[in-house]
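Visitor: Have a look at the structure that comes next, please.
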Protein chains: 2
Amino acid sequence: MDREVILISYREKIKNFITFNDEEWYAFTGFLKIKKVKKNRCFVEYGKICRELGFIINGAVRFCNVINGQEITGYFSFENSFVTALKSYLAEEPCLYDIKTLEDTIFVTISKKNMEAMLKHPLLSCKMERFGRLISESFNILFEDRIKSFVIKTPEQRYLDLLKSGKDIVKRIPVQYIAQFIGITAVSLSRIRKRIMNSTLSTNRIHT
Amino acid sequence: MDREVILISYREKIKNFITFNDEEWYAFTGFLKIKKVKKNRCFVEYGKICRELGFIINGAVRFCNVINGQEITGYFSFENSFVTALKSYLAEEPCLYDIKTLEDTIFVTISKKNMEAMLKHPLLSCKMERFGRLISESFNILFEDRIKSFVIKTPEQRYLDLLKSGKDIVKRIPVQYIAQFIGITAVSLSRIRKRIMNSTLSTNRIHT
DNA sequence: CGAATTTCTTAACAAAAGATAAGAATAATA
DNA sequence: TATTATTCTTATCTTTTGTTAAGAAATTCG
């Protein structure tokens, strides 16, 4: 995919966040970069300051903590969503996890520097404030639900919710990562899955 | 406290998010309301759409889910922080929890309607986009840490982190609510506290 | 101050999750 | 296709948490 095609796709996909007239679009695209990252590589690396706000055109990433030498994946993002190491990006401090690609992934990125330039740019300033706000708010909505699920739900309920949601994460992500996403070990999730299967089976038997 | 005093305090406290010249301030304050809520009353009520962005001048609130007839508190906010039922406020959907005051609390609030008016107001528009963005981003930073703690830490570690942080929540909040905040029962936290105490004692003994 | 209420701790048992290791099922790739 | 490697499940045992109930400690309020 060449730059022009990717940017056209990007413009379409972010139109719920921001729209442009041609003049603005021309100015805006000058600040964008395309970044192609092969499978299992880092988009953001532990210990470094994340200076990019990304948007996934296609592909997927996982947010990956290393605890006692073992990887624990806390989150996923798929195509058509914004990705960044939020705290690191916002506070300009070293990132405490990796963001790694699960597949070959194409990003459109805005560097922090360019974002700040746009926030001062006469033509774009106000629009970019809004753009930033809407992106940030969309993260808030995701996060609020996720925190609530940890506070009021059991791991089993969280897994059932995931199944019900029918999200990409269920279809495309290895079970071990899903377990970590839920906050438990793979072994424990395996037991939960068995419990669910058994109770589903016995329920079906009653009804037939 | 009368309105003028409260607003002066507000202006000072939010200056990291937004600053005004006198003309802007005059316009801005026209959109603000003061809300005083007695202890143990709702600032936001389950099932209703939250249409206010609040800021706590003094007092404190808890975010309170009702599960099987039992209250579970998932979060707290204290003076000098913004409060709203985020998802409900942003998506204009019924709120799925209460926000209740822990003490008599004074809020400065911006109604959604007024916020939208300001976002169109020639003098304030761009500033308010930014204001909204910065508030939203500050929530994101809090949320990201909190989610990570659920994914990679045990309840015991989460409690120890809280102690280390020395936050108001440790000093001002009943233990049972802290347990819920951590995602466990009060009984379980009680055991954890005992474990910690014992290991602290034995450590001290070794060193003396 | 004293009674009543609420909050916190402890105990006992059940249920769930963590750790480790080994075997089955899948997927990758030579 | 056969081999290798990875991922998933199962088993066993330990640790932790949930549940319920009862008693201790602290608060509230008349």
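Visitor: Using only protein heavy atoms and a 1.4 angstrom probe, determine the accessible area buried between B and A, summed over both sides, in Å² to the nearest 100.
Guide: 3200 Å²
Visitor: If you don't mind, another one. Short version: ³J(HN,Hα) in whole Hz for each residue of the stretch A:47-64, in order, from phi by Karplus 6.51 cos²θ - 1.76 cosθ + 1.60 (θ = phi - 60°), x for Gly and Pro, what are they?
Guide: Going residue by residue, I get x, 9, 7, 7, 10, 9, 9, x, 9, 8, 6, 8, x, 6, 9, 10, 9, 10 Hz, with x marking Gly and Pro.
Visitor: Which of A:Tyr26, B:Thr73, B:Gly47 sits farthest toward the positive end of the charge dipole of the protein assembly as shown, with +1 on the Cβ of Lys and Arg and -1 on the Cβ of Asp and Glu?
Guide: Of A:Tyr26, B:Thr73, B:Gly47, it is B:Thr73.
Visitor: Round to a whole number: what % of the accessible area of the protein assembly as shown belongs to carbon and sulfur, probe 1.4 Å?
Guide: For the protein assembly as shown, the apolar C and S fraction of the accessible surface comes to 54 percent.
Visitor: What residues have an amide H closer than 5 Å to that of A:Thr73, excluding those fewer than 5 places away on the same chain, when H is modeled at 1.01 Å from N in the peptide plane?
Guide: A:Asn65
Visitor: Quick one: label points 7 angstrom along Cα→Cβ at A:Leu96, distances to the other copies in nm, smallest first?
Guide: For A:Leu96, the inter-copy label distances come out at 2.6 nm.
Visitor: Mind giving me the FRET efficiency for A:Ile196 and A:Asn21? R0 is 56 Å, r the Cβ-Cβ distance, nearest 0.05 is fine. Each step should come with its number before you reach the end.
Guide: On the way: r = 52 Å, r/R0 = 0.93.
E between A:Ile196 and A:Asn21, to the nearest 0.05, is 0.60.
Visitor: Would you kindly derive the ³J(HN,Hα) couplings of the stretch A:89-96 from the backbone phi angles with the Karplus curve 6.51 cos²θ - 1.76 cosθ + 1.60 (θ = phi - 60°), listing them in order in whole Hz, with x for Gly and Pro?
Guide: For the stretch A:89-96, the Karplus curve yields 5, 6, 9, 6, 10, x, 7, 9 Hz.
Visitor: Which far-off residues, 5 or more places away or on another chain, put their amide H under 5 Å from the one on A:Glu103, with H placed in the peptide plane?
Guide: For A:Glu103, the qualifying residues are A:Asn40, A:Ala60.
Visitor: Once the label point is placed 7 Å from Cα along Cβ, list for B:Ile67 the distances to the corresponding points in the other copies, in nm, shortest first.
Guide: With the label placed 7 Å along Cα→Cβ, B:Ile67 yields 1.9 nm.
Visitor: Once R0 is set to 51 Å, what does the formula 1/(1 + (r/R0)^6) return for the Cβ-Cβ distance between A:Glu93 and B:Ile49, expressed as a FRET efficiency to the nearest 0.05?
Guide: In this case the efficiency is close to 0.90.
Visitor: Using the heavy atoms of the protein chains and a 1.4 angstrom probe, tell me the accessible area per residue for the stretch A:153-208 in square angstrom. Could you put the intermediate results ahead of the total?
Guide: Numbers: 3720 Å² over 56 residues.
On a per-residue basis, 66 Å².
Visitor: Right, another one. Using R₀ = 22 Å, calculate the FRET efficiency as 1/(1 + (r/R₀)^6) where r is the Cβ-Cβ separation of A:Val187 and B:Ser188; round to 0.05.
Guide: It comes out at approximately 0.55.
Visitor: Related question: List, in order, the whole-Hz ³J(HN,Hα) value for each residue of the stretch A:184-194 obtained from phi through the Karplus relation with A = 6.51, B = -1.76, C = 1.60 and θ = phi - 60°; use x for Gly and Pro.
Guide: Couplings: 10, 8, 5, 4, 5, 5, 4, 5, 4, 4, 5 Hz.
Visitor: Would you give the gap between the C-alpha center of the stretch B:35-110 and the C-alpha center of the stretch A:1-27, rounded to a whole Å?
Guide: 38 Å
Visitor: Which entries in the list A:Lys127/A:Lys167; B:Lys36/B:Lys100; A:Lys112/B:Lys167 go over 22 Å, if you measure between the two C-alpha atoms of each?
Guide: From A:Lys127/A:Lys167; B:Lys36/B:Lys100; A:Lys112/B:Lys167, over 22 Å: A:Lys127/A:Lys167; A:Lys112/B:Lys167.
Visitor: For B:Asp2, what accessible surface area do you get with a 1.4 Å probe? Give it in Å², rounded to 10.
Guide: The value for B:Asp2 is about 90 Å².
Visitor: What distance in nm separates the simple spin-label points at A:Val66 and B:Leu163, each placed 7 Å from Cα in the Cβ direction?
Guide: Distance between the two pseudo-spin positions: 3.0 nm.
Visitor: For n ≥ 4 DSSP H runs only, could you compute -39500 (n - 2.57) per run for chain B, divide by its residues and tell me the 222 nm figure to the nearest 500? The partial results should precede the final answer.
Guide: On the way: 9 runs with 107 residues, N = 208.
Computed ellipticity for chain B at 222 nm equals -16000 deg cm²/dmol.
Visitor: Counting Lys and Arg as +1 and Asp and Glu as -1, each charge on the Cβ, what is the dipole of the stretch B:64-138 about the Cα centre in debye, to the nearest 20?
Guide: About 420 debye.
Visitor: Further question: Taking loop as defined by DSSP and a crowding limit of 15 other beta carbons within 10 Å, which trypsin sites (Lys or Arg not before Pro) in the stretch A:1-38 fit?
Guide: Sites meeting the loop and neighbour criteria: A:Lys15, A:Lys38.
Visitor: Follow-up question, since we're still on this one. Which cross-chain or sequence-distant (5 or more) residues have an amide H under 5 Å from the amide H of A:Asn80, H modelled 1.01 Å from N in plane?
Guide: A:Ile56, A:Ile57
Visitor: A further question follows. Please state the relative contact order of the stretch B:5-123 as a whole percent: Cα pairs under 8 Å, 6+ residues apart?
Guide: The normalised contact order for the stretch B:5-123 reaches 37 percent.
Visitor: Here is a follow-up. What dipole magnitude, in Debye to the nearest 20, does the stretch A:98-197 give about its Cα centre under +1 on Lys/Arg Cβ and -1 on Asp/Glu Cβ?
Guide: The calculated dipole for the stretch A:98-197 is roughly 280 debye.
The values are calculated or read from the model by the stated rules, or taken from the named source; none is laboratory data. All values derive from a computational prediction rather than experimental measurement. Neighbour counts are summed over all protein chains in view; Cβ atoms, including those assigned to glycine, are modelled from backbone coordinates with ideal geometry. Ligands, DNA and RNA are excluded from the accessible area calculation, which covers all protein heavy atoms including side chains. Shrake-Rupley method; radii C 1.70, N 1.55, O 1.52, S 1.80 Å.
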